[in-house]
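First comes the structure, then the notes that go with it.
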Amino acid sequence: EYVNKKAKTLLSTIMHNYAAFDISTIDGFNHRLIRTFAYDLKLPINFEVELDTEALLNEAVDSLIAKAGTDKKLTKILIDFAIEKADDDKSWDISNDLNKIAKKLTNENDIPHLKEALKDKTLDDFESLKTSLIKQIKSTEDNLYELAITVLKLITDNNLEFSDFSNSYLPKFFEKLSLKDFNVSLNLKWQEKIETDNLYPKRVSQETASIIDGIQPTIINVFYKVKELIFHIKFLKAIYKNVTPLSVLNAINTELQLIKDNENKLLISEFNTLISNQLKDQPTPFIYERIGEKFKHYFIDEFQDTSIKQ
């Protein structure tokens with residue numbers, strides 16, 4: 001009954017105020033706001049709205065690829081990108097991937113982070129980051145190697161054999177690290193109980209058990225340091241793996257910005273962010289003044305319910 005009554009009221013209002021009746025998509029409404037605030041947003045008055053975002057992104061990617069071979073730094077980045085794809089057993093043809101990652105530039109969830117990450121960054125900055133990461137990874141691996149050697153030396157100096165430890169798990173773990181194989185498991189049972197359980201089987205002599213008990217605190221301390229460093233290596237390598245794609249994304253963003261500036265275009269996907277940043281701190285009357293009386297009635301008269309206003 002409520003809906004029926006409300007519908008009749010709205011229909012009557014529309015028919016008697018048809019000149020003020022206006023239906024618009026969210027994008028269309030946002031477009032009007034952008035036009036109204038073009039000066040405040042430092043946009044050219046004659047800017048065009050690009051509805052086909054994907055087409056403009058593809059144009060930016062094509063422009064980027066066309067520069068391969070002429071721009072030395074850019075060419076290296078694109079080659080690195082192709083090689084890294086090939087190393088992951090993927091096609092070396094990068095055009096598909098470039099178009100795919102370019103879409104992040106128009107994703108509302110990614111835009112705030114990417115704009116901050118890519119702001120004022122150059123290809124040299126990304127190359128410097130990769131160099132720094134390589135050094136950090138190498139340094140961390142060297143530390144891991146030294147720690148592994150420390151434990152193995154501790155075992156040898158105390159005349160212990162690998163077989164003196166339960167299933168030889170512990171010495172084999174550190175031996176693997178000493179061979180610079182850092183692809184080790186860190187969730188095994190003996191590791192979880194390294195502080196509470198004996199490191200040796202029941203069959204060992206009392207003297208051997210006593211020696212292992214004596215060095216157990218040192219081994220525990222080294223193990224936790226090793227665990228921390230292995231996690232750190234994984235963290236650094238995860239960052240390194242994404243530096244090249246991010247540098248490529250930065251290059252695409254530069255091309256996209258050039259196209260937008262040259263053609264006075266604005267992506268429809270940018271509207272929400274632009275409007276939000278411009279209007280979030282403005283008083284409501286100011287917005288009404290700028291967008292006109294019709295919109296004022298639209299906001300005030302039609303949305304009397306407090307929950308709808310919010």
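Points worth noting:
- The relative contact order of the range 1-152, computed from alpha carbon pairs under 8 Å that lie at least 6 residues apart in sequence, is 13 percent.
- Distances between placed amide hydrogens fall under 5 Å for GLU50 paired with LEU266, LEU267, ILE268, all partners being 5 or more residues away or on another chain.
- Helix content alone sets the calculated 222 nm mean residue ellipticity of the chain: runs of n ≥ 4 DSSP H residues at -39500 (n - 2.57) each, divided across all residues, give -22000 deg cm²/dmol.
- Subtracting the Cα-Cα distance of ILE220 and THR53 from their residue separation scaled by 0.36 nm leaves 54.5 nm.
- Square roots of 5 times each gyration tensor eigenvalue, C-alpha, the range 72-116, largest first, Å: 23, 13, 9
- Within the full protein context, the accessible area of PHE81 is estimated at about 10 Å² for a probe radius of 1.4 Å.
- Entry note, the chain: relative contact order of 32 percent, from Cα contacts under 8 Å with a spacing of 6+ residues.
- Per-pair calculated FRET efficiency, R0 = 45 Å: ASN277 and ASN183 via Cβ, rounded to 0.05: 0.45
- For LYS115, the shell of other residues with beta-carbons less than 12 Å away shows a net charge of -2, using +1 for Lys and Arg and -1 for Asp and Glu.
- Given the chain, longest segment not containing exposed loop trypsin sites (Lys or Arg not before Pro) (DSSP; at most 14 other Cβ within 10 Å): 204-279
- Over the range 58-106, Cα pairs under 8 Å with separation of 6+ residues give a relative contact order of 34 percent.
- In terms of accessible area, using a 1.4 Å probe and ignoring ligands and nucleic acids, THR70, THR244, THR122 rank largest first as THR70, THR122, THR244.
- Each residue of the range 188-264 gets 113 Å³ once the volume of the Cα convex hull is shared out per residue.
- Take the range 114-224 with all the other protein chains still there, run a 1.4 Å probe, and you get 62 Å² of accessible area per residue.
- The chain: DSSP helices with Cα axial extent of at least 30 Å and average Kyte-Doolittle hydropathy no lower than -0.5: 123-157, 206-263
- Given LYS103/LYS138; LYS90/LYS237; LYS85/LYS172; LYS5/LYS280; LYS104/LYS138; LYS42/LYS73, the pairs whose alpha carbons are separated by over 28 Å: LYS103/LYS138; LYS85/LYS172; LYS5/LYS280; LYS104/LYS138; LYS42/LYS73
- Across the accessible surface of the chain, with the other protein chains kept in place and a 1.4 Å probe, carbon and sulfur atoms take up 53 percent.
- Directionally averaged projected area (convex hull, Cα atoms, the range 62-165), nm²: 11.3 nm²
- Debye-formula intensities of the chain, expressed as log10 I(q)/I(0) at q = 0.09, 0.11, 0.16 Å⁻¹, are -0.73, -0.86, -1.23 (one equal scatterer per alpha-carbon, no solvent).
The values are calculated or read from the model by the stated rules, or taken from the named source; none is laboratory data. All values reported here derive from a predicted model rather than from experimental measurement. So basically every Cβ, Gly included, is an ideal-geometry build from the backbone, and we count neighbours across all protein chains shown. For accessibility, only protein heavy atoms count, side chains too; no ligands or nucleic acids. Shrake-Rupley method; radii C 1.70, N 1.55, O 1.52, S 1.80 Å.
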